[in-house]
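Worksheet for the structure shown next.
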Amino acid sequence: MAKAEFERLRIKGLQLISIPREIADVMKLFIEAGIVKSEGELAVQEVKRRILKYELMIRVFESSYKMSFQKFEEQDIVEKLGHTWNVERDYFDWELATTEPKSFKEILRRLTCG
């Protein structure tokens, strides 16, 4: 298997990063096609997409369980529902959906300010 080639890229608000050459080539195609103006814009769009994904996950879980994640934890719903695979998976996915946006919002702040 051939060793992957990497390209170094600096995106505003982030440190210098290395990405696989194939991804860098696709990013350049997006810029050339006018889909995005820069690598930074592409990064901003991806971060926003991830934040929205987690917000949607939270809404789905709140609708499904008819409560917030905080209440879900406080009422020990996993225990009450018998630690089933689906409930355990929902718990961990819901927890991720409530904690990850903070990191992505900080990345978004760094990308769009400064």
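The values are calculated or read from the model by the stated rules, or taken from the named source; none is laboratory data. In this text, all values refer to a predicted model and were calculated from it rather than measured experimentally. Every residue, glycine as well, gets a Cβ built from its backbone with ideal geometry; the counts of neighbours run over all protein chains shown.
Consider the range 91-104. How many of its residues are closer than 15 Å to I77 by Cβ and surrounded by 12 or more Cβ atoms within 10 Å (Cβ to Cβ)?
We begin by selecting, within the range 91-104, every residue closer than 15 Å to I77 by Cβ; these are 91-95, 98.
From what's left, surrounded by 12 or more Cβ atoms within 10 Å (Cβ to Cβ): 91, 93-95, 98.
Qualifying residue count, the range 91-104: 5.
With respect to the conditions (1) more than 19 Å from the chain's Cα centre (by Cα); (2) modelled with pLDDT of 90 or more, A24 lacks only one, and its number is (2). Annotation note: Cβ proximity below 9 Å between a residue of the range 76-99 that is closer than 14 Å to S64 by Cα and a residue that is assigned to a loop (DSSP other than H, G, I, E, B) and at pLDDT 95 or above (sequence gap 6+ or interchain) occurs for I77/M67.
For I107, state whether it is closer than 30 Å to E39 by Cβ, modelled with pLDDT of 95 or more and surrounded by 12 or more Cβ atoms within 10 Å (Cβ to Cβ). So I107 fails the test.
Picking from I58, I107, I51, which residue would you name as being touching a Ser or Thr at 6+ places or on another chain (Cβ under 8 Å), hydrophobic (A, V, I, L, M, F, W, C) and within 30 Å of I11 (Cα to Cα)?
Details: I107 fails: touching a Ser or Thr at 6+ places or on another chain (Cβ under 8 Å); I51 fails: touching a Ser or Thr at 6+ places or on another chain (Cβ under 8 Å).
None of the other options fit; the residue is I58.
Here the range 23-71 is the region considered, the condition is being without any contact (Cβ under 8 Å) to a residue 12 or more places away in the chain, over 26 Å from V87 (Cα atoms) and of a type in the set (D, E, K, R), and the residue that is surrounded by the fewest Cβ atoms within 10 Å (Cβ to Cβ) is E32.
Among the residues that make up the range 73-90, is at least one of them closer than 30 Å to E5 by Cα, surrounded by 14 or more Cβ atoms within 10 Å (Cβ to Cβ) and out of contact with any helix residue (DSSP H, G or I) (no Cβ under 7 Å at 6 or more places or on another chain)?
Initial filter on the range 73-90 (closer than 30 Å to E5 by Cα): none.
No: zero hits.
Pairs are defined by a Cβ separation below 9 Å, a sequence spacing of at least 6 or placement on different chains, a first member in the range 100-114 that is closer than 13 Å to V44 by Cα, and a second member that is exposed (fewer than 15 other Cβ atoms within 10 Å of the Cβ) and modelled with pLDDT under 90; the pairs so defined are I107/L14; R110/L14; L111/L14.
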